Amino acid sequence: MAIDRVMWVGVLAALMSSAVATATESDPSKLAAALGQEALVQRGKVVYELYCAGCHGIDGAGKGPAARWLNPPPRNFQRAAFRFRTTPSGALPTNEDLHRTISRGVFRSSMPAWFLMPETEKVAVIEYLKTFSDRWKDPYEYDEPIHIPGPPEFVGTPESIARGKELYGLMKCANCHGESGRGDGPSSADLKDDEGRRIVPFDFTSGVLKGGPGLKDIYRTFSTGLDGTPMPSYVDSLPNDDDRWHLVSFIVSLRGSGE
């Protein structure tokens with residue numbers, strides 16, 4: 001079985017090398033045009049079974065052989081609910097969102113960074129992931145990405161941190177994350193994900209968030225929410241961009257305070 005898969009990788013790689021020579025590697029539409037969508041998905045299936053199925057399962061349900069030892073558990077691709085997106089709450093992620101997660105992994109989890117994986121393989125496996133759920137076939141499941149700007153100059157200033165602390169209280173973040181941001185709020189013991197599993201609010205004093213290390217990553221989370229979890233989007237409740245950035249300032253100020 002393993003030998004057959006290796007042979008498939010070699011054969012398909014040889015076929016692709018000439019077919020995509022004039023295509024942009026990271027552009028799914030150009031790859032699909034060069035290879036044909038069916039061949040692209042087949043290539044993605046090979047990549048998925050080699051590198052992803054051990055955790056996510058052959059059927060994409062997040063229950064591969066290694067899943068029992070992993071916390072947080074692997075993503076269930078059959079549900080097609082993705083946490084780390086630039087799209088509004090409830091919408092499917094963009095190809096770029098999935099590419100980012102594959103390339104840099106998920107911090108503080110067992111999902112590694114596949115930055116050395118060839119671009120053609122990343123694009124192919126993204127297309128294959130879409131075969132696990134019919135949501136990808138429904139045009140109403142898509143939405144335009146939310147603009148994620150660079151951080152303003154005021155981020156991190158004492159005034160911004162103070163405003164962020166005020167917003168932290170107004171938005172009742174402490175109910176889950178606790179007054180000091182340690183993930184020990186009064187609601188923390190009762191929170192569950194979309195599959196009914198207990199989920200622990202993030203401890204902001206512990207450092208980098210799962211969604212990424214940058215200020216824009218935190219801002220993105222406040223803007224889009226984390227689908228499949230109780231973490232909502234604040235794009236409507238905090239429509240002023242500056243307020244979301246002030247909240248970023250406060251969250252970053254908590255790093256290391258729990259030591």
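For this structure, a couple of remarks:
- Selection status of P230, under 16 Å from S89 (Cα atoms) and surrounded by 13 or more Cβ atoms within 10 Å (Cβ to Cβ): yes
- Only a single criterion out of (1) assigned to a loop (DSSP other than H, G, I, E, B); (2) buried (at least 19 other Cβ atoms within 10 Å of the Cβ); (3) within 19 Å of the chain's Cα centre (by Cα) is not satisfied by E144, namely (2).
- Within the range 69-82, being surrounded by fewer than 16 Cβ atoms within 10 Å (Cβ to Cβ) and assigned to a loop (DSSP other than H, G, I, E, B) holds for L70, N71.
- When residues in the range 167-184 are screened for being in a helix (DSSP H, G or I), surrounded by 14 or more Cβ atoms within 10 Å (Cβ to Cβ) and either hydrophobic (A, V, I, L, M, F, W, C) or touching a residue at least 60 places away in the same chain (Cβ under 8 Å) (or both), 4 of them pass.
This table checks each residue for (1) touching a Leu at 6+ places or on another chain (Cβ under 9 Å); (2) in the same structural domain as A80 (by TED's automatic domain parsing).
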{"site": "W136", "(1), (2)": "yes, yes"}
{"site": "P149", "(1), (2)": "no, no"}
{"site": "L167", "(1), (2)": "yes, no"}
{"site": "K172", "(1), (2)": "no, no"}
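- Answer residue from the range 83-95, given it is closer than 15 Å to G212 by Cα and not hydrophobic (A, V, I, L, M, F, W, C) and is surrounded by the most Cβ atoms within 10 Å (Cβ to Cβ) among those: R85
- In summary, C55 fulfils each of the numbered conditions (1) outside any helix (DSSP H, G or I); (2) over 14 Å from V125 (Cα atoms); (3) modelled with pLDDT of 70 or more; (4) not charged (D, E, K, R) with the single exception of condition (1).
The values are calculated or read from the model by the stated rules, or taken from the named source; none is laboratory data. Because the structure is a prediction, the values reported are computed rather than measured. Positions of Cβ are generated from backbone atoms using ideal geometry, with glycine treated the same way; all protein chains shown enter the neighbour counts.
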